[in-house]
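This report refers to the structure that appears directly beneath it.
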Amino acid sequence: MNPAQFFRDYKHLLPAAVLLVILPLNHNMALRLLCLFLAGGFAIWYARKNPAPRMPLKLPLALWAGIATLSLTWSLNPMFSFNELKTEIGYGMIAFFSFYALTHSEREWKLWLRCVAAGMVTTAALALWANRANLGDFQNYDLDWQHGFVTYSTYLVTVLPLLIYMWLKTPITKFPRNLLWLIVPLFLYAGYATLNRMFWLSSSLVFMTWIGLWWVRHGRAHRTGITLAIVSGCMLALALLFLIVAKQRPADTVIRPPAAITSSNHIVDTFEHSERYDIWRFWMARIAEKPLTGVGFGRDLPHLVYADKRPKEWHMLMFAHAHNVLIDYAVQLGIGGLAAFIFLLGALVHRFWLLYRAPLEEASLVGICGITTVFAMLSKNMTDDLFWRGDALLFWALMGILLGYGMRLEGRPK
């Protein structure tokens, strides 16, 4: 396909495609918003000519957004909450609608997959280039171009379900398609560079859930021994990398210094003496102060409201938020807001479960991608809260892609 033909066929998809590639990169807010709004405009234009299946999840989305909007009436900083509503829910819903409307066929689906792979490869390459002088010194890695190590590790886990889909669909022996398998070491390298422990635990959960769901529906026709060997090898590699990373990270940066962690107790310390427990107890106590309403929408609002209650020994990163997306929602919006958020996630999983049970194999695989993407977001944010800004925008873009493609597949004959 020559460039002129490519532009004619894909011109309405280019802003959305560029957005997917640049989402994991830092220092591009103006370009990101330009691509988002252009994608939204093209989506409206395209939907009028090519009607999409009826938008799913209207009630869960309306309930989630409605309670967040209603919090403006009781927010302890209404202007802050308003700005967060615009950024987190407004931009997220534009991304969701845009990709849902634009994902009309397999052509768009394959384009989005290539864009996700390109974004992942680009960020890994930037990490290699930025740290070329100290490739072995991961403790001092510079991940500024990827928003920092926690945000970048969340991005990697979130796109992992789509990468697994691409690897499963790529024959190992067919050149040049098998070059896609080179993303595997790049992914592991990029994940290790973050030195984030939860990255390996969440990746393991996503991988095992993906393969387990696939095996139940489609994997029994394959050779059991080979499949088990591959899965066991992957899980062993993830476990070893987790152990290596855990040994390099202190379990508690406040109570005990890194020197107190020894090779004989670092794994136990990771789970038994984490500073997260103190953080969670502190913010659970704040929930008890305003259990029905919370302090108002906005992930960073609670630490502004409760600045005078910050424990003196805590550094600012510990106090930034609750380091758990569910606790954060309860602090912001009370028990009702938390229930609405859980209802929304449950509705997404249920919608993808219906796709997973569909007779068409491709629809079933898309359902697996959707279920595991929700699990990826939730599991990675149980010890942090990066359902925010770029990672939240990525999540809603992927939800639009997966639901858009999956619901169109549902209407096709087997």
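The values are calculated or read from the model by the stated rules, or taken from the named source; none is laboratory data. Here the structure is a predicted model, which means the values were calculated and not measured. Using ideal geometry, Cβ is built from the backbone for each residue, glycine included, and neighbour counts are taken over all protein chains shown. These area figures cover heavy atoms from the full protein model, side chains too; ligands, DNA and RNA do not enter into them. Shrake-Rupley method; radii C 1.70, N 1.55, O 1.52, S 1.80 Å.
Here are some notes:
- Of the residues Ala358, Ala322, the single one that is more than 30 Å from Trp215 (Cα to Cα) and either open to solvent by 10 Å² or more (accessible area, probe 1.4 Å) or not charged (D, E, K, R) (or both) is Ala322.
- Residue list for the stretch 379-414, filter: surrounded by fewer than 19 Cβ atoms within 10 Å (Cβ to Cβ) and hydrophobic (A, V, I, L, M, F, W, C): Met382
- Residue selected from the stretch 231-260 under the condition open to solvent by less than 30 Å² (accessible area, probe 1.4 Å) and more than 25 Å from Phe207 (Cβ to Cβ), by the criterion modelled with the highest pLDDT: Pro250
- For the stretch 129-139, the condition of being outside any helix (DSSP H, G or I), exposed (fewer than 14 other Cβ atoms within 10 Å of the Cβ) and acidic (Asp, Glu) holds for at least one residue.
- Residues satisfying the stated conditions in the stretch 39-71, i.e. without any contact (Cβ under 8 Å) to a residue 24 or more places away in the chain, under 23 Å from the mean Cα position of the chain (by Cα) and within 26 Å of Pro15 (Cα to Cα): Lys58
- Meets criteria (open to solvent by 40 Å² or more (accessible area, probe 1.4 Å), touching a Ser or Thr at 6+ places or on another chain (Cβ under 6 Å) and at pLDDT 95 or above) for Leu72: yes
- Test: residue in the stretch 38-53 that is of a type in the set (S, T, N, Q) and closer than 29 Å to Glu410 by Cβ: yes
- Within the stretch 87-112, tally of residues that are open to solvent by 10 Å² or more (accessible area, probe 1.4 Å), of a type outside the set (D, E, K, R) and touching a residue at least 24 places away in the same chain (Cβ under 8 Å): 9
- Flag if Leu338 is open to solvent by 10 Å² or more (accessible area, probe 1.4 Å), in contact with a Leu (Cβ under 7 Å, 6 or more places away or on another chain) and without any contact (Cβ under 8 Å) to a residue 24 or more places away in the chain: yes
- Taken as a whole, the structure places Glu84 among residues that are under 30 Å from Pro291 (Cα atoms), in contact (Cβ under 8 Å) with a residue 24 or more places away in the chain, part of a helix (DSSP H, G or I) and not basic (Lys, Arg).
- Checking Ile401, Ile327, Ile371 one by one, the residue that is over 22 Å from Val159 (Cβ atoms) and at pLDDT 95 or above is Ile327 and no other.
- Residue in the stretch 276-319 that is farthest from Ser75 (Cα to Cα), counting only those that are open to solvent by 30 Å² or more (accessible area, probe 1.4 Å) and of a type in the set (Val, Ile, Thr): Val305
- For the stretch 15-55, residues that are open to solvent by 10 Å² or more (accessible area, probe 1.4 Å) and outside any helix (DSSP H, G or I) total 10.
- Residue match in the stretch 200-211 (condition: outside any helix (DSSP H, G or I), farther than 26 Å from Lys247 by Cα, polar (S, T, N, Q) and in contact with a helix residue (DSSP H, G or I) (Cβ under 6 Å, 6 or more places away or on another chain)): no
- Taken over the stretch 159-200, the criterion of being open to solvent by 70 Å² or more (accessible area, probe 1.4 Å) and of a type in the set (Lys, Arg) is satisfied by Lys169, Lys174, Arg177.
- Qualifying residue in the stretch 164-184 (condition: more than 22 Å from Phe395 (Cβ to Cβ), assigned to a loop (DSSP other than H, G, I, E, B), at pLDDT below 90 and charged (D, E, K, R)): yes
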